[in-house]
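Notes follow once the structure below has been shown.
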Amino acid sequence: AQGPLVARGGMPTPNRAVVDPAGLTFIINGPGAAGGASRAIYDWVGGSDLEFSTDFKNNLSTITQAYPQPYTTLDNNYKKQQSHVIHAMGPDLRNLNRLDAVKSLVTPYMNIFGVFAVSVQDRLRCPPLSGQIFVGVFGPDIFNITIEAMQKGCKMLSGYLKEKLLSKTSVDLCI
């Protein structure tokens with residue numbers, strides 16, 4: 001059984017991009033059956049009316065890509081605001097050893113950071129890309145695996161993107 005979702009960081013603000021750890025099934029068939037972090041994000045940006053565009057589906061066809069998408073959402077005072085989601089798919093870690101699990105996450109995080117680096121947002125909220133059923137035996141170690149992959153992904157960015165990324169306020173890892 002899954003427990004209730006608890007918002008500890010508050011609602012995202014217009015200056016913050018949020019990473020959606022999208023599953024390919026939900027991208028192709030729609031977000032209706034999504035759970036966890038993706039479900040909370042889809043409810044926030046569109047609820048039951050959310051449909052992914054064909055452009056989005058075509059651009060996020062492999063595990064390594066990241067796709068930025070603006071949405072109109074409501075803030076805490078029910079005023080409309082522009083919100084920014086970076087959709088990215090995480091790999092299935094269930095049949096990997098630890099070294100391969102880290103390697104499989106490096107390029108997706110590099111692409112997320114590259115998209116964020118050139119965005120106008122100065123903060124990023126990012127859950128682990130591979131979670132729930134896809135985390136396999138790595139559940140207790142997913143924080144360390146994620147940090148390691150994020151660090152390696154940052155190192156792979158071009159000098160320009162590294163500089164842009166370092167000018168941002170924060171990257172929050174949401175576990």
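List of remarks:
- Ratio Rg/Rh, restricted to segment 121-175 and using Cα atoms, in which Rh is the Kirkwood radius: 1.03
- Expressed as a whole percent, the accessible surface of the chain that belongs to carbon and sulfur atoms is 55, based on a 1.4 Å probe.
- Placing dummy labels 7 Å off each Cα toward the beta-carbon, the span from residue 80 to residue 156 is 3.9 nm.
- Kirkwood hydrodynamic radius of segment 72-149, from inverse mean 1/r over distinct Cα pairs, in Å: 14.0
- Estimated purely from DSSP H runs of n ≥ 4, each contributing -39500 (n - 2.57), the mean residue ellipticity at 222 nm for the chain is -11000 deg cm²/dmol once divided by its residues.
- Given R0 = 41 Å, the distance between the Cβ atoms of residue 119 and residue 39 translates into a calculated FRET efficiency of 0.95.
- Once the 1.4 Å probe is applied to the protein heavy atoms, the chain comes out at 54 Å² accessible per residue.
The values are calculated or read from the model by the stated rules, or taken from the named source; none is laboratory data. A quick note: this is a predicted structure, and the numbers were derived from the prediction, not measured. Cβ: placed from backbone, ideal geometry, glycine included. Neighbour counts: every protein chain shown. For the accessible areas, the whole protein counts, side chains as well, though only heavy atoms, and no ligand, DNA or RNA atoms are used. Shrake-Rupley method; radii C 1.70, N 1.55, O 1.52, S 1.80 Å.
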